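Novice: Dropping the structure in here first, questions after.
The values are calculated or read from the model by the stated rules, or taken from the named source; none is laboratory data. Every value quoted in this text rests on a predicted model; they were computed, and no experiment measured them. As a convention, Cβ positions derive from the backbone with ideal geometry for all residues, glycine included, and neighbour counts pool all protein chains shown.
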Amino acid sequence: MIYHVYTIKGEKRSLMRQVEHFFPLPFIRIDKHYNIQCYSPEMAELTRLSANLLDLLDEGSISKVQKGIIPSVPKTKMEVNLNAVDYGDAPILIDLFANWINDLQADIILMEKGEGIRGISDSLQQLRTRLQATNFELLEEKDKLQKSIEINNRLSAPFIELTEETALIPLFGDISVEKLYAIESNTLDAVQQTGIDCVLFDFTAVGELNGDGVHVLQKLVQSIIYMGVEVAVVGIKPSQAKRINELGASMDIRHIGSLQQAIKQFCN
């Protein structure tokens, strides 16, 4: 059995002894003044021993212990911050279990939880950092993709001046709302700035006709007509014409069978 005598200001203050407790955990026995009467070897490994429990605690935990570990409360569990073996280290977060065996003595078991919490906290912080980086990267990629889609939509319907009087807008791919909204403003600006007399919408390379997209196209055609410009549709297939009628999109404009016929008619 190992004994330690502690003195404060030259006076003998407490006699502590090391005991082999029956479970391998940090253990101390205190009196009602929090003086440590005995301790386990694991306790000596956990913190730098002192004669009094309060001296082992971080400043913020002292009042907590004084209010909670008292003989009138037979059993207590609380979290406290314990000074580490090396005082330069951060305090250790501890689960403290106190059991008063009589009005003069209490047995206390301390279970370190700081490592687990720090590990979880570090893992969560790393995960949060990765998620933030990932979200930022995804946002950047989303912006790039959106810009690419907008550029692709605009290129899917270029405004081509065939002559001073006639312009061609070849439509590529599906007729969708996004695509029509992407070309609407540029098309109307180009019609106004060039002062042309006729616009040819070429359907030769058109795929699927989206209902909302067709209605936006209808409004675009109507806007061009209101500007005093003739509009003709080139190369529309019978199935596409049927689909437009099914959608109730009325485009009372000239239909020309092929682009070659349209060029002969408007560019000669």
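Novice: Is it true that Leu200 is closer than 14 Å to Ile169 by Cα, surrounded by 16 or more Cβ atoms within 10 Å (Cβ to Cβ), within 44 Å of the chain's Cα centre (by Cα) and in the same structural domain as Gln261 (by TED's automatic domain parsing)? Let's see the steps before the verdict.
Specialist: Values: closer than 14 Å to Ile169 by Cα: yes; surrounded by 16 or more Cβ atoms within 10 Å (Cβ to Cβ): yes; within 44 Å of the chain's Cα centre (by Cα): no; in the same structural domain as Gln261 (by TED's automatic domain parsing): yes.
Judged against the criteria, Leu200 is not a match.
Novice: Next question. What is the number of the single condition among (1) within 19 Å of Glu161 (Cα to Cα); (2) surrounded by 19 or more Cβ atoms within 10 Å (Cβ to Cβ); (3) hydrophobic (A, V, I, L, M, F, W, C) that Ala190 does not meet?
Specialist: So Ala190 meets the others, but not (2).
Novice: Here is a follow-up. Looking at Ser223, Ser185, Ser176, Ser258, can you tell me which residue is among the polar types (S, T, N, Q) and without any contact (Cβ under 8 Å) to a residue 24 or more places away in the chain? It would help to see each step written out before you state the result.
Specialist: Working: Ser223 fails: without any contact (Cβ under 8 Å) to a residue 24 or more places away in the chain; Ser176 fails: without any contact (Cβ under 8 Å) to a residue 24 or more places away in the chain; Ser258 fails: without any contact (Cβ under 8 Å) to a residue 24 or more places away in the chain.
Just one listed residue meets the conditions, Ser185.
Novice: Answer yes or no: is there a residue in region 173-185 that is assigned by TED's automatic domain parsing to the domain that holds Pro158, on the phi > 0 side of the Ramachandran plot, small (Gly, Ala, Ser) and within 43 Å of the chain's Cα centre (by Cα).
Specialist: First pass over region 173-185, keeping only residues assigned by TED's automatic domain parsing to the domain that holds Pro158: 173-185.
Okay, now just the ones that are also on the phi > 0 side of the Ramachandran plot, so 173.
After this cut, where a residue has to be small (Gly, Ala, Ser) as well, the list is 173.
Next, from what is left, pick out any that are within 43 Å of the chain's Cα centre (by Cα): 173.
Yes; the residues of region 173-185 include at least one that is assigned by TED's automatic domain parsing to the domain that holds Pro158, on the phi > 0 side of the Ramachandran plot, small (Gly, Ala, Ser) and within 43 Å of the chain's Cα centre (by Cα).
Novice: Moving to a separate point now. I'd like to check something: does region 226-235 contain any residue that is crowded, with 21+ Cβ neighbours inside 10 Å and within 44 Å of the chain's Cα centre (by Cα)?
Specialist: No, the conditions are met nowhere in region 226-235.
Novice: Same structure again: Starting from region 49-67, keep only residues that are under 12 Å from Asn81 (Cβ atoms), then list their pairs with residues that are part of a helix (DSSP H, G or I) whose Cβ atoms are within a distance under 8 Å, requiring at least 6 positions of separation or different chains.
Specialist: Pairs that qualify, where the first residue is under 12 Å from Asn81 (Cβ atoms) and the partner is part of a helix (DSSP H, G or I), are Leu57/Val65; Ile62/Leu54; Val65/Leu53; Val65/Leu54.
Novice: Name every residue in region 170-187 that is of a type in the set (S, T, N, Q) and either part of a strand (DSSP E or B) or surrounded by fewer than 16 Cβ atoms within 10 Å (Cβ to Cβ) (or both), in order of residue number. Steps first, answer last, please.
Specialist: Initial filter on region 170-187 (of a type in the set (S, T, N, Q)): 176, 185-187.
Once the filter is applied, which keeps residues that are of a type in the set (S, T, N, Q) and either part of a strand (DSSP E or B) or surrounded by fewer than 16 Cβ atoms within 10 Å (Cβ to Cβ) (or both), region 170-187 yields Ser185, Asn186.
Novice: Look at Thr47 and say whether it is farther than 25 Å from Asp103 by Cβ and either outside the structural domain of Leu110 (by TED's automatic domain parsing) or at pLDDT 80 or above (or both).
Specialist: Values: farther than 25 Å from Asp103 by Cβ: yes; either outside the structural domain of Leu110 (by TED's automatic domain parsing) or at pLDDT 80 or above (or both): yes.
Against the criterion (farther than 25 Å from Asp103 by Cβ and either outside the structural domain of Leu110 (by TED's automatic domain parsing) or at pLDDT 80 or above (or both)), Thr47 qualifies.
Novice: Testing Ala167 on (1) surrounded by 20 or more Cβ atoms within 10 Å (Cβ to Cβ); (2) more than 18 Å from Gln260 (Cβ to Cβ), one condition comes back false. Which one is that?
Specialist: Only one criterion is unmet by Ala167, namely (2).
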